[in-house]
């Protein structure tokens with residue numbers, strides 16, 4: 001049965017409204033928004049001083065609840081999708097690590113065969129983080145799988161995924177990167193740039209060929225120097241492209257995150273988690289890909305050696321709270337960067353990321369301090385804090 005939500009604030013696609021009523025239709029879609037003076041007939045759920053925002057969209061996430069996308073276990077992926085509702089996430093892109101062609105192809109087949117059966121946050125595509133990267137900025141990726149881009153491999157993976165391979169990250173300095181970018185973006189898919197030592201010019205060449213996203217900006221890329229802008233300089237200077245950003249306070253200092261958002265504007269910054277299997281789990285020892293990882297003090301680090309950060313254990317609902325608490329952004333901007341912008345950056349904005357009539361009623365309820373109060377999927381409450 002249809003109903004209306006009455007709340008203190010609604011983050012609609014283009015405007016934020018105070019008070020009023022949002023219709024949820026009996027088939028689990030958004031209906032019309034009515035201003036405060038137009039109280040509708042029918043059932044009204046009064047949420048008092050709460051705020052209503054579109055469900056968050058995590059477009060870069062490897063694992064959760066002890067599971068990893070690379071485990072290639074559909075039941076585990078479905079369990080991750082349910083866990084994501086506790087993070088305010090209603091749509092996501094399961095994200096791979098570097099691996100062999102066959103490993104990645106198996107993941108494509110599993111998700112391609114089952115997508116749509118997940119019980120929680122909706123799979124809007126697959127994100128390949130690699131394997132076409134550079135050893136110098138390998139991060140927690142295994143360099144034994146690194147190689148030059150291959151359009152034949154991409155097409156085979158895309159076929160196995162039944163069209164769901166939505167985005168792939170590459171290092172722009174790899175041989176054939178520009179032609180690969182033209183091929184992938186020409187097919188309507190997204191090329192991201194990351195884990196790279198590329199010069200500004202190499203990054204720019206891929207961008208002009210169609211690349212449109214920077215992978216976890218600042219992390220795993222050549223830095224900004226006043227005479228050599230590098231990958232960071234390209235991420236900050238180029239127009240229209242979207243920059244992923246991990247706002248857990250560990251990967252990027254709050255002041256630097258605020259500087260990037262100010263430079264690029266919130267319309268071009270996509271908040272992501274890069275969460276690994278220890279998300280929503282206690283501290284301790286874990287594995288990321290084939291590497292041992294220790295989780296402590298809110299960070300996941302590779303064991304031994306340089307103690308590099310190995311993904312995060314960030315929840316996307318905490319990321320939107322962080323950027324507001326750091327005094328750099330308004331609640332509206334925070335919501336935008338974790339819903340519409342990531343969806344747009346992966347070309348799935350027609351399916352998720354905004355409150356619009358006729359869309360699936362996937363939304364979250366926030367307290368005025370930006371804490372998550374509830375998550376709704378298809379108009380039904382699925383998680384309450």
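Table for the structure above
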{"quantity": "Lone qualifier among 358, 353, 328 - being at pLDDT below 95 and either within 18 Å of the chain's Cα centre (by Cα) or in a loop (DSSP other than H, G, I, E, B) (or both)", "calculated": "328"}
{"quantity": "Residues located in segment 1-28, provided they are surrounded by fewer than 14 Cβ atoms within 10 Å (Cβ to Cβ) and either touching a helix residue (DSSP H, G or I) at 6+ places or on another chain (Cβ under 9 Å) or modelled with pLDDT of 95 or more (or both)", "calculated": "14, 15, 18, 19, 26, 27"}
{"quantity": "Which numbered condition residue 314 misses (of (1) over 21 Å from residue 213 (Cα atoms); (2) surrounded by 17 or more Cβ atoms within 10 Å (Cβ to Cβ))", "calculated": "(1)"}
{"quantity": "Odd one out for residue 337, checked against (1) touching a strand residue (DSSP E or B) at 6+ places or on another chain (Cβ under 7 Å); (2) touching a residue at least 12 places away in the same chain (Cβ under 8 Å); (3) over 13 Å from residue 245 (Cβ atoms)", "calculated": "(3)"}
{"quantity": "Test: residue in segment 247-258 that is under 19 Å from residue 54 (Cβ atoms) and either under 18 Å from the mean Cα position of the chain (by Cα) or modelled with pLDDT of 95 or more (or both)", "calculated": "yes"}
{"quantity": "Residue in segment 151-162 that is touching a helix residue (DSSP H, G or I) at 6+ places or on another chain (Cβ under 7 Å), surrounded by fewer than 16 Cβ atoms within 10 Å (Cβ to Cβ), touching a residue at least 40 places away in the same chain (Cβ under 8 Å) and part of a loop (DSSP other than H, G, I, E, B) present", "calculated": "yes"}
{"quantity": "Segment 325-368, residues that are farther than 27 Å from residue 258 by Cβ and in contact with a helix residue (DSSP H, G or I) (Cβ under 8 Å, 6 or more places away or on another chain)", "calculated": "351"}
{"quantity": "Residue check for residue 213: over 12 Å from residue 235 (Cα atoms), buried (at least 22 other Cβ atoms within 10 Å of the Cβ) and in contact with a strand residue (DSSP E or B) (Cβ under 6 Å, 6 or more places away or on another chain)", "calculated": "no"}
{"quantity": "Condition met for residue 31 (part of a strand (DSSP E or B), modelled with pLDDT of 95 or more and out of contact with any helix residue (DSSP H, G or I) (no Cβ under 8 Å at 6 or more places or on another chain))", "calculated": "yes"}
{"quantity": "Flag if residue 333 is at pLDDT 95 or above and not assigned by TED's automatic domain parsing to the domain that holds residue 210", "calculated": "no"}
{"quantity": "Qualifying residue in segment 95-105 (condition: surrounded by fewer than 21 Cβ atoms within 10 Å (Cβ to Cβ) and either at positive phi or part of a loop (DSSP other than H, G, I, E, B) (or both))", "calculated": "yes"}
{"quantity": "Options 90, 135, 98: the member that is touching a residue at least 60 places away in the same chain (Cβ under 8 Å) and under 21 Å from residue 174 (Cα atoms)", "calculated": "98"}
{"quantity": "Residue within segment 61-76 that is in a loop (DSSP other than H, G, I, E, B), in contact with a strand residue (DSSP E or B) (Cβ under 9 Å, 6 or more places away or on another chain) and buried (at least 18 other Cβ atoms within 10 Å of the Cβ) present", "calculated": "yes"}
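The values are calculated or read from the model by the stated rules, or taken from the named source; none is laboratory data. The shown structure was predicted, so the numbers you read here are calculated from the model rather than taken from an experiment. Positions of Cβ are generated from backbone atoms using ideal geometry, with glycine treated the same way; all protein chains shown enter the neighbour counts.
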